[in-house]
Structures are given as C-alpha cells and as structure tokens.
1. As an exercise, take the mean of 1/r over every pair of distinct alpha carbons in the stretch 1-49, invert it, and state the Kirkwood radius in angstroms.
2. When a/c is below 1.5 the answer is rounded, else prolate if a/b is larger than b/c, else oblate, so apply that to the stretch 67-124 with a ≥ b ≥ c taken from the square roots of the Cα gyration tensor eigenvalues.
3. Taking the mean number of other Cβ atoms within 10 Å as a proxy for protection, how do you rank 109-121, 15-27 from highest to lowest?
4. Based on the mean of other beta carbon atoms within 10 Å per residue, what is the order of 54-61, 96-103, 76-83, most packed first?
5. Which log10 I(q)/I(0) values, to two decimals, does the chain give at q = 0.13, 0.16, 0.17 Å⁻¹ under the Debye formula with one point per Cα?
6. Relative to the present Cα-Cα distance, how much length would full extension add between Asp104 and Thr48 at 0.36 nm per residue of separation?
7. Compute the acute angle (0 to 90°) between the alpha-carbon long axis of helix 51-60 and the principal axis of greatest extent of the alpha-carbon atoms of the chain; round to the nearest 10°.
8. Each residue of the stretch 91-97 in turn: what ³J(HN,Hα) in whole Hz from Karplus with 6.51, -1.76, 1.60 and θ = phi - 60°, glycine and Pro shown as x?
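Each reported figure results from applying straightforward, stated rules to the coordinates on display, with no laboratory input. Quantities reported herein were computed from a predicted structural model and do not represent experimental measurements. As a convention, Cβ positions derive from the backbone with ideal geometry for all residues, glycine included, and neighbour counts pool all protein chains shown.
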Amino acid sequence: MLIVETILKPDQFGGIGLFSATLLLKDTLVWIHNPIVDIAVTPEQYETLAPTFRALLDKHAYPRDYKSNDGVIEYNADNARFMNHSSQPNTYQDDYCRILTARDVQPGEELTCNYLFFDPTCDLSWNNEPSVNVDAPTG
C-alpha cells in the first residue's frame, strides 16, 4: 500500500506511470504491505476468475515470493501497480519487504523499481534499458 502522495500520468513508454506528488528524501518509506490492499491470489483462485480480471493480473501482478515458487501472485489494488521498471530505480526493497526511496525524489519525478528484484523471470523485452544484477545493492 502506498503511503506517500502520488499522481498518475503518462510515462516515457506511452503508458501510465506513478509519480511523486511531493519531495521524498532518501530512505523515505513509500510502500508497506497491507493484505487489504495488496491481494494474494493463489493459482486455484486465479483459475476461477473471469478472463478480463486474469488479464489484469497478468499485466499488474507479480510473484508474491519467487523463491518459494508457490505460484501465488500479488496484486496491488492501489496505484502502486503503476510503478514502472528501471534498471536504475529510485526505490528499493528492504529486508522487511518495505519500499523506500534510494535517493531524493523530486516532485513530479516518476517512482521506479527493479522488476527483476521481485521476479527474475520477468519479460523486459519492451524495455530498452540494460538489465541489472538483482543481487546488487540497491539502497
């Protein structure tokens, strides 16, 4: 669940991005897990959903814990789902699964994360940036 003020607007890829509405200093807490907003979907639940909602999950959900390989995906029901990938993100995830800013983020700047940290198998063929080692320090 996002805990900072954000806005949605067009991104550099022609889609929608998540942008900071205010100045966020380095190490500002941006997102914390909230099971009411951040919904875990099991493979069995996924199969019972309408194709339109499955398509939404296919686009916006990510493995809850790729290391466990249990097939559970997580869907952010708030605007966090619009945070885009960057090989040099301005946020990072700490050891408590919280997302913080990796540096000062200016008002109007897009908030980004490294998708490969959450899902090393993520298809980034649409992105022209070089990939980054997910084990590299992020913060």
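1. On the way: mean 1/r = 0.0740 Å⁻¹.
Here the Kirkwood hydrodynamic radius works out to 13.5 Å.
2. Numbers: a/c = 1.74, a/b = 1.68, b/c = 1.03.
Prolate shape, in that a/c is at least 1.5 and a/b is the bigger ratio.
3. Numbers: 109-121: 18.2, 15-27: 15.5.
Those peptides, ordered most packed to least, come out 109-121, 15-27.
4. Details: 54-61: 14.0, 96-103: 16.1, 76-83: 18.2.
Ranking the peptides 54-61, 96-103, 76-83 by packing returns 76-83, 96-103, 54-61.
5. Log-scaled intensity ratios, in q order: -0.56, -0.87, -0.99.
6. Details: separation 56, 0.36 × 56 = 20.16 nm, distance 4.27 nm.
So the chain would gain 15.9 nm between Asp104 and Thr48.
7. Computed tilt is about 30 degrees.
8. My calculation for the stretch 91-97 gives 10, 8, 9, 8, 5, 9, 6 Hz in order.
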